[in-house]
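The next block holds one structure in the form of structure tokens; read it before the comments.
The values are calculated or read from the model by the stated rules, or taken from the named source; none is laboratory data. Since this is a predicted model, take the numbers as computed values, not measurements. Here the Cβ positions follow ideal geometry from the backbone for every residue, glycine too, while neighbour counts run over all protein chains shown.
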Amino acid sequence: MSLAAVPPLSAVPEPSPLGLVVFVEVDEALAGRSGTTVVELAELLREFAQELLPTAETSAAIALRSPSHAGAQLRAVKAAIEEPAPGFHLDHAARTAVVDGRPVALTHREFELLAYLIENRRRAVTRSELIDEVWPLATRAGTRTVDVHIRRLRVKLGPHGRRIRTLRGHGYRLD
């Protein structure tokens, strides 16, 4: 092989970083009795990963969930590892939205609605889907109820509320 056939270093692509997510479900009461907090557990897992791959950049994320929510484990993990929505994010522990660094109090339904929109960011969701996913089965919520809650969310999110797009005749999308 001649030197002319060797690509210059700038032409060799950098390897893409890979991520690894480890989901560990911890019983809070059991962890408390053992004297280990969830934060300490996350830090121990991060340190272990650092020992295995000393040159790798490691971080730890903690996702707290209510044990009564079916499917909340997966949603909590997705929320912890996804890039946050610029300008605002949900603080699941405090059940508030943090807008431009300041907590904003949300009602239970507003919180659940925003959480669902964030989980499905950049995807069109119908009003019926929002009713099915955010309102309890016993509640007789109509599509206007969704519209009213979206309007309230937009107000509470300030300038970031414009990122909740209305899709006429369909529903909403968070950009």
Qualifying residue in the range 163-175 (condition: touching a strand residue (DSSP E or B) at 6+ places or on another chain (Cβ under 8 Å), loosely packed, with under 11 Cβ neighbours inside 10 Å and either without any contact (Cβ under 8 Å) to a residue 24 or more places away in the chain or not small (G, A, S) (or both)): yes
The range 28-42, subset surrounded by fewer than 13 Cβ atoms within 10 Å (Cβ to Cβ), over 16 Å from A93 (Cα atoms) and not hydrophobic (A, V, I, L, M, F, W, C), residue modelled with the lowest pLDDT: G32
The listed residue being modelled with pLDDT of 90 or more, surrounded by 11 or more Cβ atoms within 10 Å (Cβ to Cβ) and not in a strand (DSSP E or B), out of E133, E112: E112
Considering residues of the range 148-162 that are within 19 Å of H108 (Cβ to Cβ) and touching a strand residue (DSSP E or B) at 6+ places or on another chain (Cβ under 7 Å) only, the residue surrounded by the fewest Cβ atoms within 10 Å (Cβ to Cβ): R154
Residues within the range 137-147 that are surrounded by fewer than 11 Cβ atoms within 10 Å (Cβ to Cβ) and part of a helix (DSSP H, G or I), tallied: 1
